[in-house]
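Each remark here refers to the structure printed beneath this line.
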Amino acid sequence: MYLATTGRRDAPAPPRTGGAGRRVPGTVLALGTVSLVTDISSEMVTAVLPLYLVLGLGLSPLQFGFLDGLFNGAASVVRLIGGHAADRGGRHKRVAGIGYALSACSRLGLLLAGGATAGIATALATDRVGKGIRTAPRDALITLSSRPEALGRSFGVHRAMDTTGALLGPLAAFALLWATADAYDAVFVVSFCVGLLGVLILVLYVPGSHPAPPANSTPRTRKTFEALRDPAFRRILAAAALLGAATVGDAFVYLLLQRRLALPVGWFPLLPLGAAACYLLLAVPAGRIADRVGRRLPFLYGHIALLGVYATLLAPTGGPAPLLLVPVLMLLGVFYATTDGVLMALAGPVLPADGRAGGLALLQTGQALARMLAAAGFGAAWTVWGPRPALWAAISALLAALAGGWALLPRNPSGPPAPEGPRSPIPERRTA
């Protein structure tokens, strides 16, 4: 387990129920373990999914981009429901648990679907809905159990553990496909079992109750869209959506790499490992830097790294495959390390505690819907124009989005939370 120091040296000692003040809170570590195990399960399937759909079932890039974007967009709308439900009475753990259970059960759907497109679509939709439901309550739990000045580090630790699962998942899928002579059913069965383990860890080790509110306070449930009343949050949401609309999905990046390098089909599931390894190494340092220098610049610089991914894919390569493979995967890892958790840490302090999950769900929904449009648009451009013109279009769109994001993101959005929602840390369990 990773234990990081947090806070200043002169910070007051925390209460005994809150865990060690100079360590990452136990809730963050427990959620990180759940995410690690769940990501092993999900990435086993994700690693082989483009291969299975495009090369196995014969879907065109346009069809794959439409399906991938549609399911992600539909799941993002469910995030609003999950965030609102989690804020009602502080039921973050319960709502997150439902999401994790749905994702685990979707693996059985893939197993039972066989080659039926409708069955595969239903299973994928169930997985995306589960992910949509759990993400905002989980991230809200992280913000509620961490000090505002150390949110970047807490998200960095969580994302590092999450990415460890993303690193191990494709390895497990590759080993299973190699051992079973490309039997996708074996991948789906093992993925289901590992997903159930993640749900069990959540039930046993993640605290799920808030301290009782003060006697003179009147609890109320905030509406999800109340977050839009805050000007700083509106600017963060607009910037995230604008940049998301210029973000090509990872699956397309890996398909372009496989096409450019003529990689054997059996090696395709290993492509995400390079990006995941870089993300794993940089997630915690990126979070600590964001806490020190502000979270706006790392978020924007991360999208410059994504711009480097697109440019590298266009560059002529006449030498060995690593000359193209290594820079693309490293830059993709830098992109996620400096944007994923950093965006949540940027928006978290702006939102009141009693509306945290709903506000984060709204932010994640806006970003995901924008990426849905980007995936469908890039798939269409690839189908009509070919991969190189589609990449040039993506570069142009991202340059324009970076200019807009620079103007939109507030310079110093992370002040103290709004007074209407007093911060209520979640009681921690002692961790070894």
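The values are calculated or read from the model by the stated rules, or taken from the named source; none is laboratory data. Keep in mind the model is a prediction, meaning the values are calculated, not measured. Using ideal geometry, Cβ is built from the backbone for each residue, glycine included, and neighbour counts are taken over all protein chains shown. Only protein heavy atoms, including side chains, enter the accessible area calculation; ligands, DNA and RNA are left aside. Shrake-Rupley method; radii C 1.70, N 1.55, O 1.52, S 1.80 Å.
A few notes on this one:
- Against the empirical curve 2.2 N^0.38 Å, the C-alpha radius of gyration of region 115-171 lands at a ratio of 1.52.
- Tensor-based shape of region 281-393 (alpha-carbon gyration tensor, a/c under 1.5 rounded, otherwise prolate or oblate): oblate
- Gain in span if fully extended, Leu281 to Ala179, counting 0.36 nm per residue against the direct Cα distance: 33.8 nm
- Model label points for Arg229 and Leu112, set 7 angstrom from Cα along the Cα-to-Cβ axis, are 4.5 nm apart.
- Region 78-118 has equivalent-ellipsoid semi-axes of 29, 11, 4 Å, by the square roots of 5 times the alpha carbon gyration tensor eigenvalues, sorted largest first.
- Each peptide in 398-409, 126-137 receives the mean, over its residues, of other Cβ atoms within 10 Å, and ordering these scores from highest gives 126-137, 398-409.
- Ranking by accessible area, most exposed first, for Ile142, Ile81 with a 1.4 Å probe: Ile81, Ile142
- Label-to-label distance, nm, for residues given as Tyr301 and Trp406 (7 Å Cα→Cβ offset): 1.5 nm
- With R₀ set to 22 Å, the beta-carbon distance separating Ala262 from Thr383 gives a calculated FRET efficiency near 0.60.
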